[in-house]
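Structure record follows, encoded as structure tokens.
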Amino acid sequence: MESLWPQIEPLLDKVTKPARYIGGELGAQNVEHGPDLVSWLLVYPDTYEIGLPNQGLQILYEILNERPDAAAERSYAPWVDMEAAMRTAGVPLFSVEGHLPAAGFDVLAFNLSAELVYTNVLNLIDLAGVAVRCDERTVHDPIVMGGGHCAFNPEPMANFIDAFVLGDGEEVVGEVNEVLASHRCGTARDDDDPTRRADLLAALSRVPGVYVPSCYAAQYDSGGRIAGVTPRFDGTPDRVEKRTIADLGSWPYPRQQLVPLIEVVHDRLNVELFRGCTRGCRFCQAGMITRPVRERPADQVRTMVSAGLDRTGYDEVALTSLSSADYSAIEETVTGIIDDPSCSGQVSVSLPSLRVDAFTVGTAAQIQRVRRTGLTFAPEGGTWRMRQVINKLIREEDLYAAVDAAFSQGWKRVKLYFLIGLPTETDEDTLGIVELAKQCVAIGKRYHRSVTIVASVGGFVPKVQTPFQWFGQNTIEELTRKVHLLRDAARPVRGLTIRWHDPKATAAEGIVSRGDRRMGAVIEQVWRNGGTFQEWSECFDLQLWTDALEANGMTLEDAVYRHRTEDEVLPWDHISAGLHRDFLWQDWKDALVEYGLPDCRWTPCYDCGACTGYGVEHVVASAVPPAGGSQGTGQDLSSGGQVPVRFLPTAPSGAAPALRPGRGPAELVGEGRN
Ligand code: SF4
């Protein structure tokens, strides 16, 4: 492969932010290619600023480049000005390291973290000069792969992605590489045998955690509904199970986080505290599909932080996870980082995902010692009733205590995140958002003359592999009405700002998120009609989506707004995140009767399937649950002997704290649950 740099360089003074395309960041690998190495292009289908910090991509980038039989480079979606310049000049998609043409790699691997990037994926495959549809690719084309949370309903992208990887990528990426190497795949090989690509895909379909759509056929019933997705060949599994790494401590990546040359989102050192979440919020796909909890040892977190700060020069570290204050060793970890003499007392710590009932004055005091980073809490629902439905069992007192802790430690601005359009939601629940936020403003005024509470409101999109996967999404009109309710109620409250997500974009996300294989035609039509960067408000166009739905004989009513039934085959039923379908259905029914479920990290297992099905268990750094450790439900932690938890060897011991009074365990777990 030859570098395209001589053709790329003249384009750069015509486009915005040319540094997006030049590479050369601290942490970028010096990648050597060779005939015996499988070459990977890891592609983030959004701009450089959004894609560069992505930790999943950086982890795979390092793991692959450490292998003797692989070489990996990166690419990001060129912004519309650069894409136009590239198409005019005949420059294809290229890597940022060697500026090599994408079509010359053996694999194009896409990170699928949001549904509205799907049209960008098609655009990038096309910009690479590769056929957009799998069945039009030849033996000389790269294998197109996809991974990330959206892979848990792969069907809408089944016509375009040759193979999906489900779950944690650290181990399976090596197994995939071995299959690719043994099948002499891709453009670098000169064998024209057309069966080689099919053989390779069949071999990939036998790797645990890999789903190859062309090895499965979709059936439909007489009413046009999906009737099943079944294997076409012997040896192809009926159901593809996700991959789970048992021990995050064995994978201390990224070791060399990339430091960009221009400002990007999350521009700081990021260190992952743990993977998985067992709080059981019923709307949260990330929490459901990443179970069980696997905490990184506290010593390793501290080492990764100090080595990372030293190497990158950052003065801020984010301790990342789905709910960082739930890390069982959170306070000592934050204190240890801030007191680390090698950090010279200059490092600020941010905890991007904060659970309000686990946020204490102690944590607040620690993280503001150097510099106050932004604070966001996510109560999600405006009333206790609503939060019981969604199983986000934080009480108003929990939120007020967290906000009080923040204001008392000097914060003057706090962001709250809520969802509207949740199952069973009433106007009282919606308006409860303003009531909560108003109280938070009042708490802030006890400490400061002027405070700001920003209530950020998103429209709920039901996600696959969650208890809410059967729920019919609110219409655009209904979400818009709720936004107006909130806006009007908030107007007289000084210090409260309401921000909301466009209900039209929420509908478009809903179109794709639960679609079957036929939704691919809609995605393709939106792309062919110019619909790229649909995550960006300046590019988003709902009309493209509704026109494409109509042209393909579908409606918003059926695709988005319709409740699914218990006996209905779901397009993703052959894909497993470990969660038993009957667990999810029972949890959906529990939601409708406002029935809570505790955090199974600290309380007995209710056999959702995520641990029991895969022989893995929760791994925690400390025997002491953090504040709010069992959903604030009063669950008796002394009964934790039935919980599949492994304590890390360095864990300090200690007694379980008393929990707030609440509902008892039998009532919480519910009768008849498996
Ligand atoms: S299998 Fe049990 S312990 Fe594991 S996540 Fe599910 S409910 Fe929790």
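Here are the numbers:
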item	result
Summed side-chain charge close to W40 - residues other than W40 whose Cβ falls under 9 Å, Lys, Arg +1, Asp, Glu -1	-2
Prolate/oblate/rounded label for region 113-217 (Cα gyration tensor, a/c 1.5)	oblate
Helical contribution to [θ] at 222 nm, DSSP H n ≥ 4, -39,500 (n - 2.57), averaged over the chain, rounded to 500	-8500 deg cm²/dmol
Viscosity 0.890 mPa s, 25 °C: Kirkwood-radius Stokes-Einstein D of the chain over Cα pairs, µm²/s	95 µm²/s
Summed residue charge, Cβ within 10 Å of A114's Cβ, Lys/Arg positive, Asp/Glu negative	-4
Global geometry of region 33-106, whether rounded, prolate or oblate, following the gyration tensor of its Cα atoms and the 1.5 cut on a/c	oblate
A286 versus A442: modelled label distance in nm, points set 7 Å from Cα along the beta carbon direction	3.2 nm
Solvent-accessible area, 1.4 Å probe, carbon plus sulfur percent, for region 369-513	47 percent
With Cα atoms, 0 to 90° folded angle of helix 581-592 axis to the chain main axis	40 degrees
Principal-axis tilt of helix 519-528 within the chain, Cα atoms, nearest 10 degrees	70 degrees
Relative contact order of region 271-339, pairs being alpha-carbon contacts under 8 Å that are 6 or more residues apart, as %	39 percent
Per residue, in Å², the accessible surface of the chain once ligands and nucleic acids are set aside, probe 1.4 Å	37 Å²
Among beta bridges that DSSP assigns inside the chain, antiparallel share in %, nearest 5	20 percent
Spin-label model distance (nm) - D13 vs T88, 7 Å beyond Cα toward Cβ	1.5 nm
Tilt relative to the chain, helix 80-89 - C-alpha long axis, 0 to 90 degrees, to 10	10 degrees
Qualifying aspartates and glutamates (Cα of each under 13 Å from Cα of K412; at least 8 residues distant if same chain)	D404
Carbon and sulfur %, accessible surface of region 536-577 computed with the full protein complex present, 1.4 Å	49 percent
Reachable lysines from K589, criterion Cα separation under 21 angstrom, eight or more residues apart if same chain	K392, K463
Extreme residue, positive dipole direction of the chain, given options P194, G174, T376 (C-beta unit charges)	T376
Sequence-distant aspartates and glutamates (8 or more away, or on other chains) whose Cα lies within less than 13 Å of K14	D81, E83
From phi via Karplus (6.51, -1.76, 1.60), per-residue ³J(HN,Hα) for region 506-514 in Hz, x at Gly/Pro	4, 5, 4, 4, x, 4, 8, 5, 10
For region 246-289: rounded, prolate or oblate by the Cα gyration tensor [a/c cutoff 1.5]	oblate
Difference of contour (0.36 nm per residue) and Cα-Cα distance, D247 to T426	60.2 nm
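The values are calculated or read from the model by the stated rules, or taken from the named source; none is laboratory data. These numbers were taken from a predicted model, which means no experiment stands behind them. Positions of Cβ are backbone-derived with ideal geometry, glycine not excepted, and every protein chain shown enters the neighbour counts. What goes into the accessible areas is simple: the full protein's heavy atoms, side chains included, and nothing from ligands, DNA or RNA. Shrake-Rupley method; radii C 1.70, N 1.55, O 1.52, S 1.80 Å.
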